[in-house]
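Would you mind keeping the following structure in view while I ask a few things?
The values are calculated or read from the model by the stated rules, or taken from the named source; none is laboratory data. Computed from a prediction, not measured in an experiment: that's the story for all the values here. Glycine gets a Cβ as well: all are built from the backbone with ideal geometry, and neighbour counts include every protein chain shown. These area figures cover heavy atoms from the full protein model, side chains too; ligands, DNA and RNA do not enter into them. Shrake-Rupley method; radii C 1.70, N 1.55, O 1.52, S 1.80 Å.
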Amino acid sequence: MMASVSAETKTMDCLHFINGKYCSSVDHKTFENINPATEEVIGTVAEGGKKEIDLAVAAARKALNGPWKEISTQERSKIIRRIGDIILERIDELAMLETLDTGKPLWLAKQLDIPRAAYNFHFFADYMISVGTEAYEQDNIAINYAVRRPVGVVGLINPWNLPLLLLTWKLAPCLAAGNTAVMKPAEWTPMTATLLGEICKEAGVPDGVVNIVHGFGPDSAGAALSEHPDVDAISFTGETSTGTVIMQSAAKTLKKLSYELGGKNPNIIFAAEPKNKVI
Ligand code: NAD
């Protein structure tokens with residue numbers, strides 16, 4: 001099943017992407033997606049929770065120890081590069097969805113968000129085949145060397161302000177290092193993340209390597225992901241206060257954490273005419 005985008009009505013229903021397939025929540029729960037610029041409903045979103053996170057983590061674990069492990073570094077790099085290529089091929093559609101979801105100008109999504117999302121994959125496709133490892137000589141006794149291995153199943157939790165740009169800034173290095181991913185996009189901006197599922201599949205990413213579960217944070221999909229005993233690391237971008245909650249849940253299973261936090265930048269809005277056309 002493909003993600004169902006309607007270019008005519010500018011709407012999209014967002015499903016989870018688990019083990020290479022789009023699916024509803026186990027109990028078929030959904031919530032509405034609102035365009036913040038017009039306050040119109042632009043689709044429904046599958047509302048995931050613990051059950052869907054469990055399914056996604058199990059798929060990611062299986063893929064980590066299965067097909068993803070078997071693929072050579074060169075081949076993995078080619079697949080990651082192809083994801084970036086397809087993002088550029090679909091730039092118009094992705095930019096439109098990003099604008100509908102965030103309310104940001106179309107020119108901005110087209111010039112910044114989507115090209116940078118593609119660049120994230122292109123950058124890490126190159127980086128992963130050029131990165132070396134260190135060796136340390138111990139007098140004349142031994143040479144100790146470092147070996148790079150994937151961390152495992154990684155949870156990627158994303159905010160709403162740069163939906164595809166930040167999600168791919170997490171996913172590209174995650175895949176480059178040989179990990180598998182369970183992504184939890186922001187509940188406000190699920191559209192481009194949903195499309196990323198089929199883009200990854202088309203690029204040749206094996207089923208289960210990239211999983212997407214929609215839903216809310218506290219007592220929902222976000223919390224279930226950060227508490228999950230079979231998730232090895234969490235990469236989170238968002239509010240500092242959310243970061244403290246995630247750190248507490250992750251501590252129980254000693255997960256590795258990577259954070260980009262924020263939360264106090266005001267918007268200053270001027271009356272001037274925009275230089276560029278907006279939709
Ligand atoms: P948020 O912290 O409310 O939500 C971010 C994500 O965390 C969402 O997917 C949400 O569902 C999830 N979440 C919320 N509570 C959770 C919980 N208890 N457990 C697990 N997941 C949970 O942030 P937001 O309002 O979506 O994003 C805006 C914030 O992100 C701002 O504070 C901004 O400064 C910050 N930000 C920082 C950077 C950076 O580079 N430092 C970049 C972009 C955004």
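Can you give me the angle between helix 191-203 and the longest principal axis of the chain, using Cα atoms only, in degrees from 0 to 90, rounded to the nearest 10?
50 degrees
Can I ask one more? Taking 2.2 N^0.38 Å as the expected size of a compact globular protein, what ratio does the Cα radius of gyration of the stretch 5-62 give against it, to two decimals? Each step should come with its number before you reach the end.
Details: Rg = 13.5 Å, N = 58, 2.2 N^0.38 = 10.3 Å.
Here the answer is 1.31, to two decimals.
Additional query: Starting from one equal scatterer on each C-alpha and no solvent at all, send me the Debye-based log10 I(q)/I(0) for the stretch 154-234 at q = 0.22 Å⁻¹, two decimals.
-1.05
Within the chain, what is the longest stretch that has no trypsin sites (Lys or Arg not before Pro) placed in a DSSP loop and near at most 12 other beta-carbon atoms within 10 Å? Present the calculation step by step, with values, prior to reporting the outcome.
Working: sites that count: R148, K252, K264, K275, K277.
Between the exposed loop sites, the longest stretch runs 1-147.
For the stretch 99-210, take the alpha-carbon Rg, divide it by the Kirkwood Rh, and send me Rg/Rh. Display every interim value, and only then the final one.
Values: Rg = 17.6 Å, Rh = 15.8 Å.
Using only Cα positions, Rg/Rh for the stretch 99-210 is 1.12.
Still on this structure, please answer the following. Compute the long axis of helix 163-176 from its Cα atoms, compare it with the longest principal axis of the Cα atoms of the chain, and write down the angle in degrees, 0 to 90, nearest 10.
20 degrees
Give me the percent of accessible area attributable to carbon and sulfur for the stretch 2-54, probe 1.4 angstrom. Walk me through the intermediate numbers first.
Numbers: 1530 of 2960 Å².
Carbon and sulfur: 52 percent of the exposed surface of the stretch 2-54.
Using +1 on the beta carbon of Lys and Arg, -1 on that of Asp and Glu, and nothing else charged, what's the dipole of the chain about the Cα centre, debye to 20?
Numbers: 27 positive and 33 negative charges, 93 e Å.
It works out to roughly 440 debye.
Another question, then. Which GluC sites (Glu not before Pro) from the stretch 23-120 combine a DSSP loop assignment with at most 14 other Cβ atoms within 10 Å? The partial results should precede the final answer.
Values: sites: E32, E39, E40, E47, E52, E70, E75, E89, E93, E98; in loops: E39, E40, E47.
Within the stretch 23-120, the qualifying GluC sites (Glu not before Pro) (loop, at most 14 other Cβ atoms within 10 Å) are E39, E40.
Another one. With a probe of 1.4 Å, find how much accessible area the stretch 74-175 has per residue, and write the answer as a whole number in Å². Provide the component values of the computation, followed by the final result.
Working: 5010 Å² over 102 residues.
Value returned for the stretch 74-175: 49 Å² of accessible area per residue.
Still on this structure, I have one more. Which is farthest toward the positive dipole end of the stretch 1-108 among L108, A56, I86, measuring Cα position about the Cα centre, with Cβ charges +1 (Lys, Arg) and -1 (Asp, Glu)?
The listed residue farthest towards the positive side: A56.
Any idea which of M96, Q248, T44 is furthest toward the positive side of the dipole for the chain, if Lys and Arg beta-carbons carry +1 and Asp and Glu beta-carbons -1?
Q248
Let me ask another. Mean shadow of the stretch 28-95, computed from the convex hull of its alpha carbons, in nm²?
Numbers: hull surface 28.0 nm².
Mean projected area of the Cα convex hull: 7.0 nm².
Rounded to a whole number, what is D in µm²/s for the chain from Stokes-Einstein with the Kirkwood radius over alpha-carbon pairs (20 °C, 1.002 mPa s)? Don't skip to the answer; put the middle values down first.
On the way: Rh = 19.4 Å.
The calculation lands on 111 µm²/s.
Also, quick follow-up: What pairs from K110/K255; K104/K201; K51/K252; K110/K252; K21/K110; K62/K184 go past 30 Å between their alpha carbons? Before the final figure, lay out each step's value.
Working: K110/K255 36 Å; K104/K201 28 Å; K51/K252 20 Å; K110/K252 41 Å; K21/K110 28 Å; K62/K184 19 Å.
From K110/K255; K104/K201; K51/K252; K110/K252; K21/K110; K62/K184, over 30 Å: K110/K255; K110/K252.
Any idea what angle helix 114-130 forms with the longest principal axis of the chain, computed on alpha-carbon atoms, 0 to 90 degrees, nearest 10?
Taking Cα atoms only, the helix is inclined about 10 degrees.
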